[in-house]
Amino acid sequence: MSLLKISKINEISHTNETFKALIEALAPESQNLIVKYENRILHEVSYQSVYEYEIWTLNHSLSQTILKIKFNINLANPTAKMLDKAAKQLIESKNNKEPVNSDILRKIGDFAALAPSDRLLAIDLLEKLRVNLSSLPIPFWNNAGFVLLIVGELMMLNTIGYYSGGHGYDFSNLKIGARDKSENYYSSWKEVGYPGPSKGYKCLKGYLIDKFTE
Amino acid sequence: MCKEVDVIVIGAGGGGPVVAKELGEKGINVLLLEAGPWYGNKKWKNPNHEHGDISCCKIDDLSKELLNESFTCYENDMNDIILGKLRWGTADLNQNLWERNIPQEGFTWQTSGVGGSTLHYFANSPRAYPIKIDKEWPISYKEMIPYYEKVEATLPVSQAPMTSKEELFFFGAKKAGWQLIKSLNVTSPGYRPQNNAILLPNPNINESDFTFDGNSEGCTLCGHCVNGCRIGPSIEKVAKRSTLVSYVPYALRTGKVEIRPNSFVIKILTEKYKDGLKAVGVKFRDTWTGKIEEIKAKVVVMSAGAIETPRLWLNSGLPNNQWVGKGITNHWFDCVSGIFDEKDLIKTIGNEKVNPYIGQNSAARFDYPGLGGIQGLGISPGLFSTILYSVSDVGYSFLRKNDAKTPWDIEGRIVGRELKEVMIEYPRTLSLLILTDDQVNKGNGVELDTYLRDEHGLIPKIKYHPSNTDRQKRDKLAAISADILKKAGAKKIIRSNLPPGLFIHIQSTMRIGYVTDSNCEALQVKRLFIADNSVLCNCLGGPNPTLTTQALATRTANKISGIYFS
């Protein structure tokens, strides 16, 4: 196997693990909520399925046309590196509240090595543009507006992916426009008490006024 | 082509089909070009997978069965930013989105396709606040009234029905001391049901023998307005009156209108005329094949929306005008939500849950001329959690020390365990969406990016930073929202404090009186008209813009007919 290929595999692995760490911080597993909501059936939605949705979407959301040829720009890898840069800055400034996991730091990267709550502090640095923008990878390099846009998108993809059922698609065999919904699709809806699409409800409570006037 | 073209209309969203229908009824031949797909048409049986036919000019081609197949009611199928059928991009889902450069947190929520953003809109159809037109527009509110009345009768527009969430909203507003508004022309603060473009529910809907088969006439309170709506016995009788099911069929029925989807206009063609220019046609690109064509006409109408219309003007190299693309208003949204206890809900609405997914997505409103508006927001959990809890201008809630004086318990983005906890309260949450009366500011707007381009030219770059006055208005509306929720009995109040870059009601980038004359004809290019949200002179004071755009488009069609085809 060529060095280039090994490097590519390592990069993908790093990206996957970094996004798993991101989702773990944003939308943790539901187990610890079971005690409080014991009268509700909580259905486990693994954050591991949400990270795939987030990576896939980032890798299909940006393109550029150069000399009339359109190029797709994969954003997940540079986004993972950007998260690492922010985490590194948090660690170096000693602003992390919990200890860093040195084993994960060595095997994966700075962001995943932080405790989940400290990962949010690293993202907060990016949102407040308190990172060295010249240390970020392209296309984030010295591009404050784009940093804000993509960090905001990370947050939105987390909730839309988790609560709309986006995580339930089979991303290992995804074909655009022909998405099959796995068993996972409905689990977050059950968690929040949403019954799913309906054709109607017998819930009409009348009208507030007789009619509008000019 | 079905016929020789008199008028080309660019864009089949909220405004374009209105112009097409009105001109068609006057015997004028119209070609309506739309960049996105056409759902519910036999000529495009697989609109996201194959090119299909070229154009359609026959009402018989519309198919409710095909619409049922496309509009699944799953929010991710319909509104996913990349793969959703109501996305901002080509019909071919294998192609990427159409790029916008937005150098701030947020996104533009627009839909391409026949029907445009009316496919996902809530169908709220309030008139503008009279003072906002009379003070700043080159035409009066009084002159607009007959056009409002015509659109309200055509769609049609009527009073929205109540479900639990509206009943709770009204209960809180009344208890907070606000007046009930019964007039369509709003001059003082108060609450009222939405006047919306959704067919009234069958009065027997609550009866045990009434069945929901998706084919009955009238709204069924299913809560999928934002997912396109497919309730109804035929395309023309679908409950939510997007232009796909209203003005487009009406236009086809004139026998004078041809509609061509998958056609992205990339240039306005002009010729010298007296001391200036006149429009003579358009150049457009087939989004499936990339083939570029030109078509000539006597008049061109731009209805591509408040971002693409100025972009097209600029990419066409039309004359400089200091207001082209400038002055964008966006209602700088915000959300305030209340979480209720079951026992309190049983007392006020006789039900232990609000159930935000039941009923029309936004059927109640509060108006305050001078500040803006507040409307109910009830949607399915993916969009609900994203808009309410994951976007904020003030960062994470857990990093904020909440000021005891603020009327909310939580402010900012919610993540982690706290997100799970508030979402578990989803069935007992009532949410209010704030629409700010934001000011026109010449420093805000749409321009061309310096070097980023897609297949249609340089991409638009959008800049929007509200003023301190806008911020003060929005803060007041947030405080009023919190008070209404508390008076309704909410135990926990959450303010999202949304960022300015959330673009949904995009308006006033090609302002009447500044880029166009009072007939909506471009000041510098004769025979070129504008009929979309871009031509609105301001943000209307806060009311949702579609009805006013449609009323103005009706007037513009009259002007086109009178000036060039009499």
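On C-alpha positions alone, give me the angle between the axis of helix B:141-154 and the longest principal axis of chain B, in degrees, nearest 10.
Taking the Cα atoms of chain B, the angle to B:141-154 is about 90 degrees.
Per-residue Cβ counts within 10 Å, from other chains only, averaged over B:70-82: what number is that?
5
Highest first, please rank the peptides A:130-138, A:17-25 by the mean number of other Cβ atoms sitting within 10 Å of their residues.
A:17-25, A:130-138
Using r as the Cβ-Cβ distance of residue B:320 and residue B:417, and R0 as 51 Å, what FRET efficiency do you calculate, to the nearest 0.05?
Rounded to the nearest 0.05, the efficiency is 0.40.
Report the Cα centroid-to-centroid distance between the range B:6-30 and the range B:162-233 in angstrom, as an integer.
If we compute the Cα centre of each part, the gap is 31 Å.
What are the residues whose amide H is under 5 Å from the amide H of residue B:200, where those residues sit 5 or more places off or on another chain and H is modelled from the backbone?
B:219
Where the centre of each part is set by its Cα atoms, how far does the range B:80-143 sit from the range B:533-553, in angstrom?
11
Restrict the search to the range B:485-566; then list the chymotrypsin sites (Phe, Trp or Tyr not before Pro) that DSSP places in a loop and that have at most 15 other Cβ atoms within 10 Å of their Cβ.
When the chymotrypsin sites (Phe, Trp or Tyr not before Pro) of the range B:485-566 are filtered for loop state and at most 15 Cβ neighbours within 10 Å, B:565 remain.
Ratio to report: Rg/Rh of the range A:87-145, with Cα atoms as the point set and Rh obtained by the Kirkwood method; give two decimals.
The Rg/Rh ratio comes out at 0.99.
At a 10 angstrom cut-off on C-beta neighbours, averaged per residue, how do the peptides B:161-171, B:196-206, B:21-31 rank from highest to lowest?
In descending order of packing, they fall as B:161-171, B:21-31, B:196-206.
Quote to one decimal, in nm, the extra length available between residue B:296 and residue B:465 on full extension: 0.36 nm per residue of separation minus the C-alpha distance between them.
Net length gain for the segment: 56.9 nm.
For B:98-110, what's the mean count of beta carbons from other chains sitting within 10 Å of each residue's beta carbon?
4
Can you give the calculated 222 nm mean residue ellipticity of chain B, where each DSSP H run of n ≥ 4 adds -39,500 (n - 2.57) and the sum is split over every residue, rounded to the nearest 500 deg cm²/dmol?
-7000 deg cm²/dmol
Ordered by residue, what ³J(HN,Hα) values in Hz, to whole numbers, does the range B:156-170 give under the Karplus form 6.51 cos²θ - 1.76 cosθ + 1.60, where θ = phi - 60° and Gly and Pro are x?
Calculated HN-Hα couplings, in order: x, 10, 8, 5, 6, x, 9, 10, 4, 5, 6, 4, 5, 4, 5 Hz.
Taking the highest mean first, how do the peptides B:65-71, B:493-499, B:95-101 order by number of other beta carbon atoms within 10 angstrom per residue?
In decreasing order of mean packing, B:65-71, B:493-499, B:95-101 become B:493-499, B:95-101, B:65-71.
Relative to the present Cα-Cα distance, how much length would full extension add between residue B:46 and residue B:518 at 0.36 nm per residue of separation?
Answer, rounded to one decimal: 165.7 nm.
Give me a single rounded figure for A:147-157: the average over its residues of other chain Cβ atoms within 10 Å of their Cβ.
6
Which whole-number percent is the relative contact order of chain B (Cα, under 8 Å, 6+ apart)?
23
Given a Förster distance of 30 Å, report the FRET efficiency between residue B:565 and residue A:143 from their Cβ-Cβ distance, rounded to the nearest 0.05.
My answer for the efficiency is 0.05.
Take the alpha-carbon centre of the range B:480-520, take the same for the range B:333-373, and report the distance between them in whole Å.
17
Using a Debye calculation, one point per C-alpha and no hydration shell, please list log10 I(q)/I(0) for the protein assembly as shown at q = 0.08, 0.10 Å⁻¹ in order.
Each listed q maps to, in turn, -0.63, -1.01.
Can you list the residues of the range B:415-449 with backbone N under 14 Å from a point 7 Å past the Cα of residue B:175, pointing along Cα to Cβ?
B:430
When the Debye formula is applied to the Cα atoms of chain B, each taken as the same point scatterer, what base-10 log of I(q)/I(0) results at q = 0.11 Å⁻¹?
After summing over all Cα pairs, the log10 values are -0.96.
Cβ under 15 Å from residue B:198's Cβ, residue B:198 left aside: what net charge do those residues give with Lys, Arg +1 and Asp, Glu -1?
For residues surrounding residue B:198, the net value is +1.
None of the figures in this text is laboratory data; all of them are computed from the coordinates on show. None of the values given here were measured: they were computed from a predicted structure. Cβ sites come from the backbone with ideal geometry, for glycine too, and all protein chains shown count toward neighbours.
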